[in-house]
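Each value in this text was obtained by applying a stated rule to the coordinates, not by laboratory testing. Keep in mind that this is a model prediction, so the values were computed, not measured. Reconstructed Cβ throughout: ideal geometry from the backbone, glycine too, with neighbour counts over all protein chains shown.
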């Protein structure tokens, strides 16, 4: 597993799958681990441009794509899409975020931080 | 075609009770229509969502499938389709060497571009008897298509 250098989240302020379900817990763990956290609000043009670029290149792109989408940037400079919100229910998205944060992807970062 | 593993993951993923969207807000269910299509329907048989799944599922492919399913009863455009990848880590599965488990494509009735809150709008329903779609006024209580009703 590679080390995480930064976390990027594409989100919308009105989206319950994003707030408080995804952005806040991801930002919290990034802060705890000392990893830079970047968020891109799809309704703020300059942030949306970067968010669109991330989703188009690495994520689940469609014209009116789903949010949130979470990406990790590795120390090797690779960007990896790791999560898209679960349209079926906010609870499903919440469970997926919890799973992600407990997964081996983050376990190694946790180990480094401890 | 989805793998057995993807099918198993999808079974778990859709074993939830979402609220009907755009109709009654009653608890609804995900029904497997065929080997790669799921329909979210409420007790009144209103269709909130149609979802495709598989390892190669993508928006263009799903748009074609969706147009075939709804047979012109719904206005479907590429902008109405949204896709999602599900990985081992967000599904809570312990599979280090097989990260992508399944890809999903979603279509939601009366959402964003096609949003229509009129109580008289024609809406898509799934027949209780057959696995066929039909349209009727959104407030109609009828749960059967024309051929099953007759």
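Could you tell me, in Å, what Rg and Dmax come out for the Cα atoms of the stretch B:4-118?
Here Rg and the maximum Cα pair distance are 14.6, 49 Å.
Which order do B:24, B:42 fall in if you start with the one that has the fewest other Cβ atoms within 10 Å?
B:24, B:42
What value in Å³ per residue do you get for the convex hull of the alpha-carbon atoms in the protein assembly as shown?
125
I need to check one value: relative contact order of chain A, counting alpha carbon pairs closer than 8 Å and at least 6 residues apart, in percent.
Relative CO of chain A lands at 33 percent.
Tell me, in nm to one decimal, what length is gained between residue B:61 and residue B:148 on full extension, where the rule is 0.36 nm per residue of separation less the Cα-Cα distance?
28.3 nm
When a/c reaches 1.5 or more, the comparison of a/b and b/c decides; with that in mind, is the stretch A:4-113 rounded, prolate or oblate per its Cα gyration tensor?
Oblate is the answer for the stretch A:4-113, as a/c is 1.5 or above yet b/c matches or exceeds a/b.
So how far apart, in nm, are the two label points at residue B:79 and residue A:91 if each is 7 Å from Cα heading toward Cβ?
So the two model labels end up 3.4 nm from each other.
What ranking do B:7, B:86 get, fewest neighbouring Cβ atoms within 10 angstrom at the top?
By the 10 Å Cβ count, ascending, the order reads B:7, B:86.
Suppose each label sits 7 Å from its Cα in the direction of the beta carbon; what would the residue B:11-residue B:131 distance come out to in nanometres?
The answer from the label model is 1.6 nm.
Run the numbers on the stretch B:4-118 and let me know its relative contact order in percent, using alpha-carbon pairs under 8 Å that are six or more apart.
24
Roughly how many whole Å is it from the C-alpha centroid of the stretch A:13-78 to that of the stretch B:1-76?
Their Cα centres are 26 Å away from one another.
Please arrange B:82, B:103 by counting, for each residue, the other beta carbons lying within 10 Å of its beta carbon, fewest first.
B:103, B:82
Given labels modelled 7 Å from the Cα in the Cβ direction, how far is it in nm from residue B:31 to residue A:75?
Inter-label distance under the simple model: 5.3 nm.
Is there a simple number for the mean count of other chain Cβ atoms within 10 Å of the Cβ of residues in B:9-16, and what is it?
2
Could you give the angle, 0 to 90 degrees to the nearest 10, between helix B:4-13's Cα long axis and the longest principal axis of the Cα atoms of chain B?
60
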